[in-house]
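This report refers to the structure that appears directly beneath it.
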Amino acid sequence: MSDTVLPRSALTAAPRIGSAEGVLAIREHTGSTLLHLEGERPGAELDAALMTLGLPTLPMTGASDGRDGARLLGIGPAIWLLVLNALVPPPTALGAAFDVALDVSHAHTRLAISGSRAADFIAKACALDLHPRIFRPGACAATAFTGMRTILWRTDPDGFDLLVGRSYTMSLWQWMTDAATEFTTGTHDK
């Protein structure tokens, strides 16, 4: 029998953030695999990795693409982040398809922010223009959120995912708990 201890989320005992009316909900995505990819190597391995993800090409900086629990985010020039849900294995050709293919899953916490006022909530802490004509579903950015370096992407018209460094998770959650009050107590405008 192994004595291996699996890492636990810092948010395991954190209070839930959300409203019954669907105005705002914030929750942690658990079990995601995050792979930092840099410097694509054109050729058969890259083509095979993209085919596994259902992608014709790599997304440009600021865009994302993918399917069925696998999302590839263009977060910088020749830099991508592959976000895989718990049941999706990473493509086997990644090591040969990129100069760098590094698992950074345990370095980040992934949060889902959704609801009709999600963009208003995020705007309290982020300087990006979140209007849906500008920051469309699939758009992503490495940005400051309450002064912390994060990666934000729009998953759908009323949903966002936010990645924050694991060591900042509790500080960010405490800020979110306080900042969400105006959206979750029934005092907001509908």
Among the residues listed as Phe160, Phe135, Phe183, the single one being buried (at least 17 other Cβ atoms within 10 Å of the Cβ), touching a helix residue (DSSP H, G or I) at 6+ places or on another chain (Cβ under 7 Å) and modelled with pLDDT of 95 or more
Phe160
Please go through segment 34-54 and give me each residue that is surrounded by 14 or more Cβ atoms within 10 Å (Cβ to Cβ) and in contact with a Lys or Arg (Cβ under 8 Å, 6 or more places away or on another chain), ordered by number.
Leu34, Leu53
Is it the case that some residue within segment 103-114 is more than 23 Å from Leu11 (Cα to Cα) and acidic (Asp, Glu)?
no
By residue number, the members of segment 81-127 that are in the same structural domain as Asp68 (by TED's automatic domain parsing) and aromatic (Phe, Trp, Tyr) are Phe98
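The values are calculated or read from the model by the stated rules, or taken from the named source; none is laboratory data. Since the model is a prediction, treat every value here as computed from it, not as a measurement. Heads up, the Cβs are rebuilt from the backbone with ideal geometry, glycines too, and the neighbour counts pull from every protein chain shown.
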